[in-house]
Each structure stands twice: as C-alpha cells, then as structure tokens.
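The values are calculated or read from the model by the stated rules, or taken from the named source; none is laboratory data. Note that this is a predicted model, so its numbers are computed, not measured. Because the Cβ atoms are built from the backbone with ideal geometry, glycine has one as well, and the counts that use them run over all protein chains shown. Areas reflect the complete protein model, heavy atoms only, side chains present, ligands, DNA and RNA absent. Shrake-Rupley method; radii C 1.70, N 1.55, O 1.52, S 1.80 Å.
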Amino acid sequence: STLSVKERLNRAAAEENKRIANNALKEELQKAKTKAKVVTIYSSKGGVGKTTISTELAVALANTSVGRGNLRVCIVDLNIDFGDVLTTLDYDARGNNLSFWAAEVRERLREGEAVEDIQYSRKEIEEHLQTNSFGLYALIAPIAHEDSMEIESQELEIILDNIIKKLYESFATGKI
C-alpha cells in the first residue's frame, strides 16, 4: 500500500532513532570494555583489616547491578602464608587454590616453556578459581603454610598476568 508522507517521515525518524540508539549502546559497551579494574588492598602489618576490606568490597561489587547483570568480580588472596578469604567467604577448603595453579606453572617452566608462552584461556583460568553463593570468583591462598613456601614470584606474575589480561578482559566484554 502507499504510505502518506507523514507515515514515511515517521518511519524514517524511527529508523534514525534506532540507529542512534544502537550507536550509543555500542559506545557504552566499548567504554565498559575498558572499565575492568584491579584494586589492591595491602599492608605489611597483620590484623589491620585487609581481608575484611577486600572481601566486603568484592562482595559489594559482585552485588552491584550494571545494565543487564551484576559486575563480575574475582578476588585473589595473595596473602599466601595466612590467607583468610577461604573462610571469610565460605569457599571450599578442598577446592582449587593458588598452590595447584602455581605447581602447574612451575611444571610448564621446568619443561622449558617460555614465560610469555604460558597463556591460559578463560575456561582454563576458571578451572583454577572457586565461586561462592555471592557469585564471586576467587583464587584462594594455599591451605597449608608448607605449600606457600614453594610458590615463586615468577609463577605469581604469570598467574596474575593471565587473570588480568584474560579473565578481566572477558569480564569486561561479558564473555564469561
């Protein structure tokens, strides 16, 4: 059927509004991709509340709604001698922790793999993490003090590099 000039103008305006809205959405999604952040809570002194601040902040962020869902958060307990994120947030003591991942990295280094070649996919990273009832991802500190003694700084660097570059990248793009 033949449309009136008014109907054609309304359709054209609706299409233009749709195009503008789609472009605005794309811009916002692009901004979101760059908003993944690393927050560090540190003190050389024990008993000052590092675990309390870290876990409360992580839970609050994981429960913060943005767009269609909540922020995706991963807490990494680098208090490798006496980490308390496990008990504070009720993770599984029999589950994955930093010791297992560090041992895997250590083995790959022993086999001669170059540091820059030790890359993990998002799925592989997730296998080294735990999640809890808050929907919060966590890399748990070693359970036993003896296990923490084996972890080298190079192993930690590789693990953190993978978490920051791969996991947060997928969190920011919503591909987890």
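Here are some notes:
- Computed from the C-beta positions of Phe100 and Asn17 and an R0 of 45 Å, the FRET efficiency is 0.30 to the nearest 0.05.
- Dimensionless Rg over Rh [the range 26-138; C-alpha; Kirkwood]: 1.00
- Per residue, the chain exposes 66 Å² of accessible surface when a 1.4 Å probe is rolled over the protein heavy atoms with every protein chain present.
- Close Lys-Lys pairs in the chain, where close means Cα under 13 Å and separation is 8 or more or interchain: 10
- Directionally averaged projected area (the range 88-147, Cα convex hull): 4.9 nm².
- Gain upon complete extension [Val38, Asn10; 0.36 nm per residue less C-alpha separation]: 5.4 nm
- Helix 98-110 and the longest principal axis of the Cα set of the chain meet at an angle near 80°.
- Residue among Ile118, Ile53, Ile20 with the largest mean-square fluctuation in a Gaussian network model of the chain, springs linking Cα atoms under 10 Å: Ile20
- Share of carbon and sulfur in the accessible area of the chain stands at 52%, probe radius 1.4 Å.
- Note on the chain: with a GNM built from Cα contacts shorter than 10 Å, the maximum mean-square fluctuation among Ser99, Ser54, Ser121 falls on Ser121.
- Near Ala102: Cβ cut-off under 9 Å, other residues only, Lys/Arg at +1 and Asp/Glu at -1. The net charge is -4.
- Nearest-ten-degree value, helix 50-62 long axis tilted from longest Cα axis of the chain: 20
- Peptides 82-91, 136-145 ordered by packing proxy, namely the average of other Cβ atoms within 10 Å per residue, highest first: 136-145, 82-91.
- Computed from Cα atoms, the angle from the helix 153-162 axis to the main principal axis of the chain rounds to 20 degrees.
- Site pair Glu127 and Glu150 shows an inter-label distance of 1.8 nm when each label is modelled 7 Å from Cα along Cα→Cβ.
- Placing a label point 7 Å from the Cα of Leu109 along the Cα-to-Cβ line, the residues of the range 143-158 whose backbone N sits under 17 Å from it are 147-158.
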